[in-house]
Amino acid sequence: MAQRIWGIELAARRSDSQGMFPGFVLIGDVREGSKRIVFSMYAAAGSEYCDPAANGAAAKDIFVECRMRVANWPYSGRHMAELPGYCMIYAASETNSRVEYRYETAAQTVHMRTIQFGKVVPQCSRALKLG
């Protein structure tokens, strides 16, 4: 699935002349009947898909804001939305830091939030209306 959504970006990272760089992909999906919507974020060194992370002694956040791709699945190669400003977290653990999402069927809305060091990051709470 990641290869289908981020194939060009994944290939570019692997073929960099400076060597291999780590890349990270987060993927989630919601299903309603036979309809499936996939949303995903990608980050890697040198990628323009995420804002650069803060660095230095004063840096305290471990999330970055990225563009998220949203597509119907299975992906037919037609339209894929790309939305800016969604939070991606790297050092994820289920207890302290993670990205969570919940699908509200009646409103056809995905609610996303980021938990960092056990606390909700308010600026990362977003809603995505589907359909």
Check: If you check Lys119 against the conditions, is it open to solvent by 50 Å² or more (accessible area, probe 1.4 Å), within 16 Å of Arg69 (Cα to Cα) and charged (D, E, K, R)?
Finding: no
Gly77 vs (1) farther than 18 Å from Cys50 by Cβ; (2) in a strand (DSSP E or B): all pass except (2)
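Pro22 - would you say it is loosely packed, with under 13 Cβ neighbours inside 10 Å, modelled with pLDDT under 90 and within 16 Å of the chain's Cα centre (by Cα)?
On the way: loosely packed, with under 13 Cβ neighbours inside 10 Å: yes; modelled with pLDDT under 90: yes; within 16 Å of the chain's Cα centre (by Cα): yes.
Yes, satisfied.
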Are any of the residues in segment 49-67 surrounded by fewer than 12 Cβ atoms within 10 Å (Cβ to Cβ) and under 25 Å from His111 (Cα atoms)?
yes
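Results for (1) within 13 Å of the chain's Cα centre (by Cα); (2) over 23 Å from Ala11 (Cα atoms); (3) touching a residue at least 60 places away in the same chain (Cβ under 8 Å), shown as yes or no for each residue.
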{"residue": "Glu48", "(1), (2), (3)": "no, no, no"}
{"residue": "Ala53", "(1), (2), (3)": "no, no, no"}
{"residue": "Phe63", "(1), (2), (3)": "yes, yes, yes"}
{"residue": "Ile89", "(1), (2), (3)": "yes, no, no"}
{"residue": "Cys124", "(1), (2), (3)": "yes, yes, yes"}
{"residue": "Lys129", "(1), (2), (3)": "no, yes, no"}
Here the residues within segment 98-126 that are assigned to a loop (DSSP other than H, G, I, E, B) and more than 18 Å from Ile62 (Cβ to Cβ) are Thr105, Ala106, Ala107, Gln108
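Going through segment 34-48 one residue at a time, which ones are modelled with pLDDT of 85 or more and either surrounded by 18 or more Cβ atoms within 10 Å (Cβ to Cβ) or at positive phi (or both)?
Ile37, Val38, Phe39, Ser40, Met41, Tyr42, Ala43
The values are calculated or read from the model by the stated rules, or taken from the named source; none is laboratory data. Predicted model, so just to flag it, every value in this text is computed and none were measured. FYI the Cβ positions are ideal-geometry reconstructions off the backbone, even for glycines, and counts take in every protein chain you see. Ligands, DNA and RNA are excluded from the accessible area calculation, which covers all protein heavy atoms including side chains. Shrake-Rupley method; radii C 1.70, N 1.55, O 1.52, S 1.80 Å.
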